[in-house]
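Asker: The structure that follows is given in the form of structure tokens.
The values are calculated or read from the model by the stated rules, or taken from the named source; none is laboratory data. These figures come from a predicted structure and were not determined experimentally. Every residue, glycine among them, receives a Cβ derived from its backbone with ideal geometry; neighbour counts consider all protein chains shown. With ligands, DNA and RNA removed, areas are computed over all heavy atoms of the protein, side chains included. Shrake-Rupley method; radii C 1.70, N 1.55, O 1.52, S 1.80 Å.
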Amino acid sequence: QVQVVESGGGLVQAGESLRLSCAASGSIFRIILMGWFRQAPGKQRESVAVIYSGGSTNYADSVKGRFTISRDNAKNTVYLQMNSLKLEDTAVYYCKTVDLGKVYWGQGTQVTVSS
């Protein structure tokens, strides 16, 4: 079993920054993908940014140029640096880890951006 734990959420004002962290632990074989998804009230969960084991990344158009995903493979940890936060970035952010085809989710961390 793999455990996924997020941290770093909080309340910030528009234009400020936050850094989220996600650590995977347990019976890890080979993580091929780690990523961040978010879900705002009344909306479906959407992909924000993902990073593959080889280092390639994908970003949602809405966060390109503002968010940066990075990964420490040795620590099985992924980070999401969020700059120039907007009101519409308010959501619960979830970390997804894919290990040998199995998908694991964290419990989520709340990010609230106020005006």
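Asker: How many residues does segment 45-63 contain that are within 20 Å of LEU85 (Cα to Cα) and either assigned to a loop (DSSP other than H, G, I, E, B) or small (Gly, Ala, Ser) (or both)?
Answerer: 7
Asker: Considering only residues that are open to solvent by less than 50 Å² (accessible area, probe 1.4 Å) and either closer than 16 Å to SER62 by Cβ or outside any strand (DSSP E or B) (or both), which ones fall in segment 72-91?
Answerer: Hits for segment 72-91 are ASN76, LEU80, MET82, LEU85, ASP89, THR90, ALA91.
Asker: State whether one or more residues within segment 98-112 are over 10 Å from the mean Cα position of the chain (by Cα) and open to solvent by less than 10 Å² (accessible area, probe 1.4 Å).
Answerer: Within segment 98-112, one or more residues are over 10 Å from the mean Cα position of the chain (by Cα) and open to solvent by less than 10 Å² (accessible area, probe 1.4 Å).
Asker: If I ask for residues that are assigned to a strand (DSSP E or B) and surrounded by 14 or more Cβ atoms within 10 Å (Cβ to Cβ), which ones from segment 26-42 would you list?
Answerer: Matches in segment 26-42: ILE31, LEU33, MET34, GLY35, TRP36, PHE37, ARG38, GLN39.
Asker: Can you tell me which condition ARG66 does not meet? The list is (1) surrounded by 15 or more Cβ atoms within 10 Å (Cβ to Cβ); (2) more than 13 Å from the chain's Cα centre (by Cα); (3) at pLDDT below 95, and all the others hold.
Answerer: (3)
Asker: Another question about this same structure. Can you pull out the residues in segment 57-90 that are in contact (Cβ under 8 Å) with a residue 24 or more places away in the chain and on the phi > 0 side of the Ramachandran plot?
Answerer: Scanning segment 57-90 gives ASN76, SER84.
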